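Contents: one structure, followed by commentary.
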Amino acid sequence: MDFFVLGKLLAGLVLLVVGAEGLVNGASLMAASLGISPLVIGLTIVAYGTSSPEMAVAIQSGFAGQADIALGNVVGSNIFNVLVILGLSALAMPLMVAQQLIRLDVPIMIGISFLTLLFGFDGLINRSDGVILVIGAVVYTIFLIYQGSKQPSDAGEYDEYAISEPLSPLQWVKNLGLMFGGTGVLILGSRWLVQSSTSIARTIGVSELVIGLTIVAVGTSLPELATSIVATLKGERDIAVGNVIGSNIFNILAVLGIGAMVSPQGIPVSSAAITFDLPVMIAIAISCLPIFFTGNVIDRWEGLLFVSYYIAYTTYLILRSTEHASLPMFSNIMLIFVIPITVLTLTIVTVNSLRKRRQK
């Protein structure tokens, strides 16, 4: 394989992370200087800023006529966010889950995941579908701002974005430079990532969808991974969970929506995505409810379960893309033994948790 292409891929991933960091920091400090509360900044600019790599890749791949990467990136990122980011965070320290996530945000994530599958049944997420998704993103953002304005007592979670005095002209210039520079770096990084990923897909004979589901998805999810791990280690475990769920919602509504709007032919949805990848994304979203519901905590064993399932999912993608002879056996083991045992275990744990709550 061409080492230049691999170097371009790695450079693109690095630029995405650096660009997202600059964009978030610059925009957050300017928003704080205009009197916007730290909580609202955290719920909007920071949460959406960590998804800016996915957005940059979706727009770039849409304009480049490689919309398969946009779909794979969103679906793969959502799967990676839950299974790996929450899994690793829970392995580091059991995660607290806020009631709002269980009652509102997770059901929204499940609902729009089903909506994505519904839009894709005809083989295409077209521009009108994209408009509907973007309208949903606007409504959800307005709701977040409204909720944030009602909960000023929680602003301490985002105190790093609070400022005690107005910014000087030099600081304004610096933060504007960070914001626009970060955006420019994001655009360049996304261009390199899409170009190199497409070259790798053609070289090794796998589809652009699989590349989007794996390499691109993991690379664009690095900001979410860093945010959640750092928040967990700092003891801000509810932020770690909220960051993942909020990012997943934004990925579908805004990233996929805008990607469908800018792509000349919309985003094609392959039969493999309809029959496997999108249902997996939905199943993982649904699995959050019983896991989150068991004492409002994601325990270490549940984190290990998440990470193990991501390894199994990635293994399946590799076997499927290479048409390996062991694929049928691997699929049967997962369908006949692993998945039923997992469902049974989660059911027992959920029932016991509900019983304990009623006894209290």
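So here's what we get for this one:
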item	result
Hey, residue 144 of a type in the set (A, V, I, L, M) and either modelled with pLDDT of 95 or more or in a strand (DSSP E or B) (or both) or not	no
Cross-chain or 6+ apart pairs with Cβ under 7 Å, the range 97-121 first and crowded, with 20+ Cβ neighbours inside 10 Å, then of a type in the set (Lys, Arg)	none
Hits in the range 276-304 - residues which are of a type in the set (A, V, I, L, M) and touching a helix residue (DSSP H, G or I) at 6+ places or on another chain (Cβ under 7 Å)	278, 280, 281, 282, 284, 285, 286, 289, 291, 298, 304
Scope the range 66-85; condition modelled with pLDDT of 85 or more and more than 11 Å from the chain's Cα centre (by Cα); matching residues	71, 72
Residue list for the range 291-317, restricted to those being within 18 Å of the chain's Cα centre (by Cα) and at positive phi	none
Answer from 32, 20, 90 - the residue that is part of a helix (DSSP H, G or I) and modelled with pLDDT of 80 or more	90
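Table: residues versus (1) under 17 Å from the mean Cα position of the chain (by Cα); (2) under 23 Å from residue 209 (Cβ atoms).
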| position | (1), (2) |
| --- | --- |
| 87 | yes, no |
| 95 | no, no |
| 110 | yes, yes |
| 115 | yes, yes |
| 118 | no, yes |
| 125 | no, yes |
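The values are calculated or read from the model by the stated rules, or taken from the named source; none is laboratory data. Fair warning: this is a prediction, and the values are worked out from it, not measured in the lab. FYI the Cβ positions are ideal-geometry reconstructions off the backbone, even for glycines, and counts take in every protein chain you see.
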